[in-house]
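What follows is a set of notes on a single structure, which appears directly below.
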Amino acid sequence: MEDSKLDNFIICKKCHTLHRKIKLHHGTKALCQQCNTLLYRHHQNFIDRLLALSLVEFIALIIAFSFTIIKININGIYRGLDFSSIFYTIFHNHYYIVGIIVLFFIFIFPIVILLSLILALILMKLKRFKYLVKRLLILIAKLSHWSMIDIFLLSILVAMVKLFDYAQLEFSVAFIALILVILLDIFTLKRVSFSDMWEEYENIYRKSDSKR
Amino acid sequence: MICGKSMRIYTENQIVKDSLIRCPICEAINIDNGGEIVCRRCKEKIHDYKSISFHKTVAFLITAMILYIPANLYPILLTKKFGVVHENTILGGIMHLWEAGSYPVALIILFASVFVPILKFIFIIYLLVSTKYSLKSSKVDRHKLFYITEVIGSWSMVDVFVVAILSVLIHFSIVEIIPGRGATAFALMVFFTMLSAISFDIRLIKERY
């Protein structure tokens, strides 16, 4: 079968049922007939919208990484939680393996994914550096399994419930920024499927290649 | 068929062939030649030879299962109170939370730290066994099972993150929380189960190995 013919089909990521692609109307989405999983959706201003949301998410992520997330007060003694203190404490206690795993899962991978996405979208908008964009999209797909910032937020909530009886808790700006990151992530990488992104990539560079 | 704002599209039963495979990176459809496949769109290697993928998955799974033993036997958390050290294992911590009346948190930790890893072991073993022997389950069910295994994979890290957070916040002269040896084993166990799921070749679901 030729490549162009294969492009007319899509396989559901959940149940692996093969579907023929159809053109969607504005605001509609295609669901798997077998398991109702989202296959693809109709996007308007795909790159502009995704780029705007990603930039806001990036700013929120920088705030979340830079400031105190929560403060606790036990009998007048304050302790604050921020990202640097987490890595410092783990490495200070000589748990290097845990430290490296946590460092990559909640700090390096989320920021690399987001930076790669922003750079890829800017380059796609400029219709330049096809190979670099391809490498960035591959990097995003490969790292997306390993970014655990959402699980980290759940862990903060679990830790807060554990401390509730012994200490007074105060939310700081980074906590709100972290919630914003998770919410925006739902609208960016969780909402947009990789097939949508790759199709946009192919459309953009096919047009620019044919113009040359 | 249109339902609300969603549109269902029909399956292509006439062309459903086991020779078509989805690239996990760019989701392009490729033709399976039975051996090592390079995606036609992103040019990334989709899968190794089936036997290599099978053995990789088994190796990572065995490593994870071995690490699960020290992760549960060694303390994941040490509490230093007035110089006296109390050790808490995962199960001990859950029981402590349950006795203290924090039922939702106890259930979250029980689900994330005990059930999720065990379920993942069972699912991956089942998928590997089903490639060797024909079991009474459809291909669709096995694909769904694999999808669930991939999705729930990272949720086990909750306990490791909670330990890290508590060790930062509870750091006073009279009381201090520090991570235990179990935390290292547990974090590595999660890492290897995720590697095991990622290295599993979905083509093995389609046929008997």
Original post:
Hey, which of these cross-link pairs are over 22 Å Cα-Cα: B:K50/B:K139; B:K45/B:K132; A:K190/B:K45; A:K13/A:K125; A:K5/B:K139?
Top reply: B:K45/B:K132; A:K190/B:K45; A:K13/A:K125; A:K5/B:K139
Subject >> Heavy atoms of B:H171 accessible to a 1.4 Å probe, total area in Å² rounded to 10 >> reply: 70
Original post:
Ignoring ligands, DNA and RNA, how much accessible area is buried between chains B and A, both sides summed, with a 1.4 Å probe, to the nearest 100 Å²?
Top reply: 6800
**OP:** Enumerate the amide H contacts of A:L31 below 5 Å, restricted to partners 5 or more residues apart or on another chain; note that Pro and chain-start residues carry no placed amide H.
**Re:** A:L39, B:M7, B:R8, B:I9
Original post:
In a GNM of chain B with a 10 Å cut-off on Cα contacts, which of B:V114, B:V175, B:V158 has the highest mean-square fluctuation?
Top reply: B:V175
Original post:
Using θ = phi - 60° and the Karplus form 6.51 cos²θ - 1.76 cosθ + 1.60, what ³J(HN,Hα) does each residue of the stretch B:182-196 get, whole Hz, x for Gly and Pro?
Top reply: x, 5, 5, 4, 5, 4, 5, 4, 4, 4, 6, 5, 5, 4, 4
**OP:** Name the most mobile residue of B:D141, B:D159, B:D32, meaning the one with the largest mean-square fluctuation, in a Gaussian network model of chain B with Cα contacts below 10 Å.
**Re:** B:D141
**OP:** Find which of A:N45, A:I100, A:V112 sits farthest along the positive direction of the dipole of chain A, computed with +1 on the beta-carbon of Lys and Arg, -1 on that of Asp and Glu, about the Cα centre.
**Re:** A:N45
Original post:
Within chain A, which complete DSSP H helices have Cα atoms spanning at least 15 Å along the helix axis and a mean Kyte-Doolittle hydropathy of 0.0 or higher?
Top reply: A:46-66, A:109-126, A:130-143, A:149-163, A:173-187
Original post:
How many Å² of accessible area per residue for the protein assembly as shown, probe 1.4 Å?
Top reply: 48
Original post:
Which residue, B:F161, B:F82, B:F111, has the most motion in a Gaussian network model of chain B that connects Cα atoms within less than 10 Å?
Top reply: B:F82
Original post:
Based on Cβ point charges of +1 for Lys and Arg and -1 for Asp and Glu, what charge dipole magnitude is obtained for the stretch B:122-206 about its Cα centre, in debye rounded to the nearest 20?
Top reply: 620
Original post:
Which angle from 0 to 90°, rounded to the nearest 10, does the C-alpha axis of helix B:158-169 make with the longest principal axis of chain B?
Top reply: 30
Subject >> Charge dipole (the stretch B:75-149, unit charges on Cβ, about Cα centre) - positive-most of B:I94, B:P117, B:L77 >> reply: B:P117
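Which net charge results for the neighbourhood of A:F175, defined as the other residues with beta-carbon distances under 13 angstrom from its beta-carbon, given Lys and Arg at +1 and Asp and Glu at -1?
Net charge in that neighbourhood comes out at -1.
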Original post:
What is the set of long-range amide H partners of A:D82 at a cut-off below 5 Å, with H atoms built 1.01 Å from backbone N?
Top reply: A:I69
Original post:
B:G182: net charge of surrounding residues, Cβ under 13 Å, Lys/Arg +1, Asp/Glu -1, itself excluded?
Top reply: -1
Original post:
With +1 on each Lys and Arg Cβ and -1 on each Asp and Glu Cβ, how big is the dipole of the protein assembly as shown about its Cα centre, in debye rounded to the nearest 20?
Top reply: 1560
Original post:
Carbon-plus-sulfur fraction of the accessible area of chain B, 1.4 Å probe, in percent?
Top reply: 65
Subject >> Table column - 3J(HN,Hα) (Hz), the stretch B:117-132, Karplus curve with 6.51, -1.76, 1.60, x for Gly and Pro >> reply: x, 5, 4, 5, 4, 4, 4, 5, 4, 4, 5, 5, 5, 5, 7, 8
Original post:
Quick one: putting +1 on the C-beta of Lys and Arg, -1 on the C-beta of Asp and Glu, what dipole do you get for the stretch B:60-207 around its Cα centre, in Debye to the nearest 20?
Top reply: 460
**OP:** For B:L20, list long-range residues whose amide hydrogen, built 1.01 Å from N in the peptide plane, is under 5 Å from its own amide hydrogen.
**Re:** B:D32
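The values are calculated or read from the model by the stated rules, or taken from the named source; none is laboratory data. Small disclaimer: the values here were computed from a predicted structure and weren't measured. Using ideal geometry, Cβ is built from the backbone for each residue, glycine included, and neighbour counts are taken over all protein chains shown. For the accessible areas, the whole protein counts, side chains as well, though only heavy atoms, and no ligand, DNA or RNA atoms are used. Shrake-Rupley method; radii C 1.70, N 1.55, O 1.52, S 1.80 Å.
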